[in-house]
Amino acid sequence: MTGACRDFEVLLSVRAAGALEPGEPERIESHLARCQACSAEAQQLAEAVGLARLAPPAEAELRAMDGLQARALASWSRSQRSRGLRRRLAVGLAVAAAAAAMVLAPGVLRHEPRLTGGTPVAAAWQEPDVDEIWAASASVDPASEDETSLNESTLYAVIEDVDGF
Amino acid sequence: MAQGGKSDEARGLLRVLPGGASQADHRHDDQLVRLFLLGDEVALGELLRRHERRVLALVRRYAASPDESRDLVQKAFLRALQAARRSLRRGGGRKTVPFAAWLLRIAVNLGKNAARDAARWRRAPVEAIDGTASAPPVAEEGLIQAERERLVRQAVLALPTRQRQVLTLRIDAELTFQEIAEALGITEGNARVHFHHAARRLRQVLAAAKERTP
């Protein structure tokens, strides 16, 4: 096989497929007449493609196609009905989910557990003592931006202030 | 025409519009699809009449019986119509694919799914349908030829997806390479090269079989 033969590689397969375009048969046949290797290759390709081809549909296959339209219509109608049901079910579920969210959302938001260091503390949550909070807030320096920055001594001072209030 | 290699682009959206080898045919398909989606059952009959033989030619390679062939044909049509409905509802996409091309693409992919079922294709389904192939060969030469045929057809099912699609669209559905390119969203040259690789693979399988039984 020469470099020129490589130009015909794809064409040999297309020839085996019986799908050469105008002008191509002349080119390739001229080459095959001169090149034994490509001629043998063309023969093998044609044989392989020929073996891959199926025989025309048998009578039984064609008979089985009778009534295809009725079957297809029945199947289409079934799929339309189930599609309608799925759509109605999806809408119903969406409405139910929205209603449930409206009912439950206020309660969930009020009792949402706080996370401390990634650990849920919902079980330890207790009702705050409003009086204590009021007293503490009254003692904390209003200039302090971060209440959580109170250290232990500051906290004791707050408590003493409350006691002396 | 889309270039190969970009699956999302190649897949595209179905837009039933004129195009391809015969504009009139595709325009009629478009009208028929729309009519059927509006409830005209006769339109489906016409679509089946036009395309069922070609779809049958594509799917029968993978079917174990005539009834299964018919079921695959039906499935291909229904999926193509569902795709058409979705596409028409969206108002079409960037790409336009004629209904027939979409139908063939679906049919060849249904075959791919069937080919995945190794147990099924090992039963050499075509022989079960084809009366001439299933007849017991009377001579040793016939036995050898039947075995080679079985090996080559089995090799078709084991080809890489694109090669198998191109090969079967050519030798089963008898599409031109231009029509194959349109159906698969690749270039015509690309389709020819895929066919070439497929044919070479089959030739190798045949050569190996001949070495075993000269």
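Got a sec? Which of B:Glu46, B:Glu9, B:Glu68 is within 14 Å of another protein chain (Cβ to nearest Cβ), more than 19 Å from the chain's Cα centre (by Cα) and either modelled with pLDDT of 75 or more or assigned to a helix (DSSP H, G or I) (or both)?
B:Glu46
Tell me, which residue of the stretch B:161-214 that is β-branched (Val, Ile, Thr) and touching an Asp or Glu at 6+ places or on another chain (Cβ under 9 Å) is farthest from B:Leu110 (Cα to Cα)?
In the first step, residues of the stretch B:161-214 are kept if they are β-branched (Val, Ile, Thr); the result is B:161, B:166, B:168, B:171, B:176, B:180, B:186-187, B:193, B:205, B:213.
Keeping just the survivors that are touching an Asp or Glu at 6+ places or on another chain (Cβ under 9 Å) gives B:176, B:180, B:213.
Working: B:Thr176: 21, B:Ile180: 16, B:Thr213: 35 Å.
It comes out as B:Thr213.
Starting from residues that are surrounded by 13 or more Cβ atoms within 10 Å (Cβ to Cβ) and hydroxyl-bearing (Ser, Thr, Tyr), keep the ones in the stretch A:13-50 and report whichever is farthest from the other protein chains (Cβ to nearest Cβ).
A:Ser39
Condition first: under 14 Å from the mean Cα position of the chain (by Cα) and more than 9 Å from every other protein chain (Cβ to nearest Cβ). Now tell me which residues in the stretch B:49-65 satisfy that.
Answer for the stretch B:49-65, where residues must be under 14 Å from the mean Cα position of the chain (by Cα) and more than 9 Å from every other protein chain (Cβ to nearest Cβ): B:His51, B:Arg54, B:Val55, B:Leu58, B:Val59, B:Tyr62.
How many residues does the stretch B:160-214 contain that are at the interface with chain A (Cβ under 10 Å from one of its Cβ atoms) and within 11 Å of the chain's Cα centre (by Cα)?
Going through the stretch B:160-214 one residue at a time, the tally reaches 9.
Given the condition within 12 Å of chain A (Cβ to nearest Cβ), modelled with pLDDT of 90 or more and not in a loop (DSSP other than H, G, I, E, B), answer yes or no: does some residue in the stretch B:27-40 qualify?
Taking every residue of the stretch B:27-40 in turn, at least one turns out to be within 12 Å of chain A (Cβ to nearest Cβ), modelled with pLDDT of 90 or more and not in a loop (DSSP other than H, G, I, E, B).
The values are calculated or read from the model by the stated rules, or taken from the named source; none is laboratory data. Here the structure is a predicted model, which is why all the values come from computation and not from measurement. Glycine gets a Cβ as well: all are built from the backbone with ideal geometry, and neighbour counts include every protein chain shown.
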